[in-house]
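No value in this document is a laboratory result; all are computed from the given coordinates. Treat the numbers as computed from the prediction; the structure is a model and nothing was measured. FYI the Cβ positions are ideal-geometry reconstructions off the backbone, even for glycines, and counts take in every protein chain you see.
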Amino acid sequence: MIPRVYRIEHRREEYPGTFTLEMSADRGRPVTCDPGQFNMLYAFGAGEVPISISGAGRRDGLLVHTIRTQGLVTAALERLKEGEQLGVRGPFGQGWPLDLARDSDLLIIAGGVGLAPLRPVVYSLLDGRGRARRTQLYYGARRPEERLFRHELNQWGRAVSLVQSVDHADSDWPGHIGVITGPLQASRINGPETIAFVCGPELMMRFSIRVLLESGVPASAIFLSMERNMKCATGLCGHCQWGPRFICKDGPVFCYKDIQPWFQIRGL
Amino acid sequence: MKTIAELLREHPFFRDLAQADLEFIGGCGENAIYATGDYLARENEPADHFFVIRSGKVAVETYLPDRGPLCLQTLHDGDIFGWSWLFPPYVWTFDARALDEVHAIRLGGKCLREKCEGEPRLGFQLMKRFARIATERLQAARIQLLDVYGQSPPPQGDTW
Ligand SMILES: Cc1cc2nc3c(=O)[nH]c(=O)nc-3n(C[C@H](O)[C@H](O)[C@H](O)COP(=O)(O)OP(=O)(O)OC[C@H]3O[C@@H](n4cnc5c(N)ncnc54)[C@H](O)[C@@H]3O)c2cc1C
C-alpha cells in the first residue's frame, strides 16, 4: 500500500513535545475512519510510524492526528510546518465498538496522549452518530498544562461528564490531584451495566482494569487500545505480534477478555 | 436525622461492619462541616481525629518554604483522611484543607484507640481497613513517582 500525500493545513502545539496536525489530502477525497483506527504517517526521509486518528472529517474533511515526540520519526513530524507534506497509509485496525455502548453506561478512561484515539468517540457522541445511556470521561495527565485538547475539554459537557486528575498541580487547579484510579474507585460504577474504553500508558491501564473488575465490570465489557510498535500495519511482517494476535489488524482496540491471558505476561 | 452509625454504614470504608460495631465506633464520632479554605488538620499539630469524608473535596498538602503549599493528593466523598491518630507521637504529618464545603464525620482518635484496645476483634477489622487504604495510597504514590505520562526515556545502548 503506497502512502498518499497529505498537506498540513494547521499545526497546534498541545504542550511542549506534543502537537496536533490537521491535514488535507493533496488529491482525491479524504479517507473515512472509525474511532480508534490509526494511520501510518510517513515523514519523508525519516520513516513511518503508527498514529491514532484523533479526529476526522469534522472540519472541512481534515484528517487529524495528535503526536508526542519520542524518537527519530516523531521528531521529524514535529519539525514539519504548515503547508509541508507527509505520507499517509491507512486507516488500519479495529476501532472502539461504539455499537455495544448504546444501552450501557460508557466509561472512557484516558491517560496522557491516550485521549487522542478516544476523542473521535466523544465527537461521535456529540454529533449523534454514537449513543450511550450515560458517558463519563476520566482523564489523567501529568500536569494541568500537559492535557490534550484543553481548549475544547470543557465544551464536551453536553455529551460526557468529565473527571480529571493530574499528578501535580498548583492550588488553583479545580480537578483532582493523584492517580486517575482514585476518583475512578470513588465513583459508583454500575458494573454489569457498564462498558469501558481505556487508553493510556500500560501501567495506568493495568490499574484501571483492576478497579473496573473490582467494580463488577465484566472482562468482556472492557476494551483497550494497545499502542505497541509496528512496521507494516497490514499483518504481514509480524513486528507487532502479541500473543497469537497482530496489533495492527486484530487491534489496536482489543476486548480485555480476549487478551487477558497474555496481557499480564512480562516482556510480551 | 440519621445517626452517626447510619451515616457510617453508607460509607465504603465501613462496608459490611456489623451494626453493633458501627454503633460502637459511632460513639466516638460527630458530624463536622468545613467551609472552603478551612483546615481539617495541620502538620505537626496533635492528630486527635480521623475524618470520614461524606461530600466535598480535601487537599492533602505540605508546605515548602520556597514554593508555599504543595498539594500531594485530593480526597473526596468515599475517602477517609488520617491515620496519624493510630501511632505515637499522634501528630499530623500533612495539612488537610477543604477545597469546597466538606461534610465529614470526625471520629475521636483517643476514644477509638481505647475502644479497640479493649475490643481487639474490632481493632483488627479497623486495622485491616486502614492497611488497605495505606496500601492503595502507597501504590498511587509509586505510580505518581514513575511519571507514566512523561516521555519515554531514550533507548538504552552503546553510544560512542
Ligand atoms: C496503533 C498505535 C497507535 C498509536 N497512536 C499514537 C498517537 O496517537 N500519538 C502518539 O504520539 N503516538 C502513538 N503511537 C506511538 C507511536 O507510534 C510511537 O511513539 C512512534 O512509533 C515512535 O517512533 P519514533 O521513531 O519517533 O521513536 P523510536 O526512535 O522508534 O523510539 C524512541 C523512544 O520511544 C519509545 N517508543 C517507541 N514506540 C513507542 C510506543 N508505541 N509506545 C511508547 N513508547 C514508544 C521507544 O522505546 C524509545 O524509547 C501509537 C502506536 C501504535 C502502535
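I'd like to know which of B:Ile133, B:His49, B:Pro89 lies farthest towards the positive end of the charge dipole of segment B:4-149, counting +1 on Cβ of Lys and Arg and -1 on Cβ of Asp and Glu.
B:Ile133
R0 = 30 Å: FRET efficiency of A:Glu152 with B:Leu138, Cβ-based, nearest 0.05?
0.25
Which of rounded, prolate or oblate describes segment A:98-225 when judged by the alpha-carbon gyration tensor and an a/c cut-off of 1.5?
Oblate, because a/c is 1.5 or more while a/b does not exceed b/c.
What nm distance separates the two modelled labels at B:Gln19 and B:Cys111, each placed 7 Å from Cα along Cα→Cβ?
So the label points at B:Gln19 and B:Cys111 sit 2.1 nm apart.
Charges at C-beta only: +1 for Lys and Arg, -1 for Asp and Glu. How large is the resulting dipole of segment A:1-129 about its Cα centre, in Debye rounded to 20?
Working: 15 positive and 15 negative charges, 58 e Å.
So the magnitude is around 280 debye.
Just flag the GluC sites (Glu not before Pro) in segment B:53-130 sitting in loop per DSSP whose Cβ has no more than 15 other Cβ atoms within 10 Å.
B:Glu101
With runs of 4+ DSSP H residues as the only contributors, calculate the mean residue ellipticity of chain A at 222 nm using -39,500 (n - 2.57) per run, divided by the residue total and rounded to the nearest 500.
It lands at -5000 deg cm²/dmol.
Hey, what number do you get for chain B at 222 nm if only DSSP H runs of n ≥ 4 count, each worth -39500 (n - 2.57), divided across all residues, to the nearest 500?
Computed mean residue ellipticity for chain B: -10000 deg cm²/dmol.
Evaluate the relative contact order of chain A (contact order divided by residue number), counting alpha-carbon pairs under 8 angstrom at least 6 apart; express in whole percent.
Numbers: 561 pairs, mean separation 45.7, N = 268.
It comes to 17 percent, rounded to a whole number.
Counting Lys and Arg as +1 and Asp and Glu as -1, each charge on the Cβ, what is the dipole of the protein assembly as shown about the Cα centre in debye, to the nearest 20?
Numbers: 50 positive and 50 negative charges, 257 e Å.
So the dipole magnitude of the protein assembly as shown works out to roughly 1240 debye.
Mean-square fluctuation check for chain A, GNM, Cα pairs under 10 Å: which of A:Ala56, A:Ala186, A:Ala169 is largest?
Most flexible of the set in this elastic network: A:Ala186.
So, in Å, what gap is there between the alpha-carbon centers of segment A:197-268 and segment A:68-140?
16
How large is the dipole of segment B:4-149 about the Cα centre if only Lys and Arg carry +1 and Asp and Glu carry -1, each at its Cβ, rounded to the nearest 20 debye?
Value, rounded to 20: 380 debye.
Remind me, relative contact order of segment A:150-268 in percent, using alpha carbon pairs under 8 angstrom and six or more residues apart?
Contact order relative to length: 17 percent.
Pairing rule first: another cysteine's C-beta must sit under 4.7 Å. Under that rule, which cysteines of chain A stay single?
So far as the 4.7 Å Cβ criterion goes, A:Cys33, A:Cys199, A:Cys240, A:Cys248, A:Cys255 stand without a partner in chain A.
Among B:Val60, A:Leu86, A:Phe207, whose Cα projects farthest towards the positive end of the dipole of the protein assembly as shown, with charges put on the beta-carbon of Lys, Arg (+1) and Asp, Glu (-1)?
Of the candidates, A:Leu86 comes out farthest on the positive side.
Under the rule a/c < 1.5 gives rounded, and otherwise a/b versus b/c splits prolate from oblate, where does chain B land using the Cα gyration tensor?
Prolate shape, in that a/c is at least 1.5 and a/b is the bigger ratio.
Pull out a ≥ b ≥ c, the square roots of the eigenvalues of the alpha-carbon gyration tensor of segment A:20-63, then state rounded if a/c is under 1.5, prolate if not and a/b is larger than b/c, and oblate in the remaining case.
Note, shape of segment A:20-63 comes out oblate.
What percent do you get for the relative contact order of segment B:1-77 when only Cα pairs under 8 Å and 6+ apart count?
It rounds to 21 percent for segment B:1-77.
Percentage of Cα-Cα pair distances in segment A:24-157 greater than 25 Å, rounded to whole percent? Don't skip to the end; give the middle numbers.
Working: 2599 of 8911 pairs.
Tail of P(r) above 25 Å: 29 percent of Cα pairs.
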